[in-house]
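Peer 1: Okay, handing you the structure first.
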Amino acid sequence: MPLHKLEHFDPNYRETFGKDDVKSLDLYTEGGDRVGSVADVLVDDDGHFRYLVIDTSSDFLGKKILLPIGLSRIDYPAKRVYVDGLSKHQVEGLVEYREDMVVDHDYEENVRSVFRSPSNGVSYDRNTYNYQTEPALYGLNEQAHQTFRLYEERLIASKYRIKTGEVTVGKHIETDTASVTVPIQKERVVIERVVPTEAGKVVDPNELKFQEGEVARIEVYEETPEIRKEAFVREEVRVKKVVERETVETQSTIRREELDVDTEGNLQVQEHDTPTHETI
């Protein structure tokens, strides 16, 4: 069965695995020694992981090798891949993997022979061999590799503005009747006839002057009130908005998933910040 690089088989593999990316994960032994990092993954026609392409560190000769998937334990939260029993001697004995090479039956058998236990009793026949023949090398232990998520709800507070009303300020005109007092003057002519003190006295003919027509002119005036209106600023009104702040507290019921672990038999279970699995 031909093998394919993961990205060639599924260009959107990150979405398929919930955005988890096995590439670039560091490879460690169960003892905590770093061996290298995952450079790629080879899958079969059905999309099953068959080999991890490991770029070994300088301590391991700095070459790329193939690691059967059944020997690994992928820990996405810790961004690590664990492998049990991989030694420098095994790495030295593995055929180097190159990007331009074709992984055929003979090449795979050379890889398997390094990891195969002498006591498993497998007799290789390229005509009948399949990956199910050696589950220790290719069987992906779902209990050891399963990744699942615990979900928790949280309250998200946000604000938005709503119109609660409006204020319109306008003007209107009111009319009143106003009174004002203005003193005015009017002139009039008073004519009095009085008895002269020399009444009955004979007037000297030389002093006597008889005349006709106008003998006196007196101009008469009176004041006329003039009423006019003028405008002035009576009051000034200022309109403005002020922002009042207050804190509103609300409560709601949120849910959180917790992990329940049931064990049977005499097992030693260690809890860490990240999920743990049994060693393959």
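The values are calculated or read from the model by the stated rules, or taken from the named source; none is laboratory data. Predicted, not measured: the structure shown is a model, and the values here were computed from it. Cβ atoms come from the backbone with ideal geometry, glycine included; neighbour counts cover every protein chain shown.
Peer 1: Quick one: is residue 280 exposed (fewer than 10 other Cβ atoms within 10 Å of the Cβ), in a loop (DSSP other than H, G, I, E, B) and either hydrophobic (A, V, I, L, M, F, W, C) or modelled with pLDDT under 65 (or both)?
Peer 2: Against the criterion (exposed (fewer than 10 other Cβ atoms within 10 Å of the Cβ), in a loop (DSSP other than H, G, I, E, B) and either hydrophobic (A, V, I, L, M, F, W, C) or modelled with pLDDT under 65 (or both)), residue 280 does not qualify.
Peer 1: Just checking, how many residues over the range 3-57 are under 16 Å from residue 97 (Cα atoms), part of a loop (DSSP other than H, G, I, E, B) and either β-branched (Val, Ile, Thr) or in contact (Cβ under 8 Å) with a residue 60 or more places away in the chain (or both)?
Peer 2: 1
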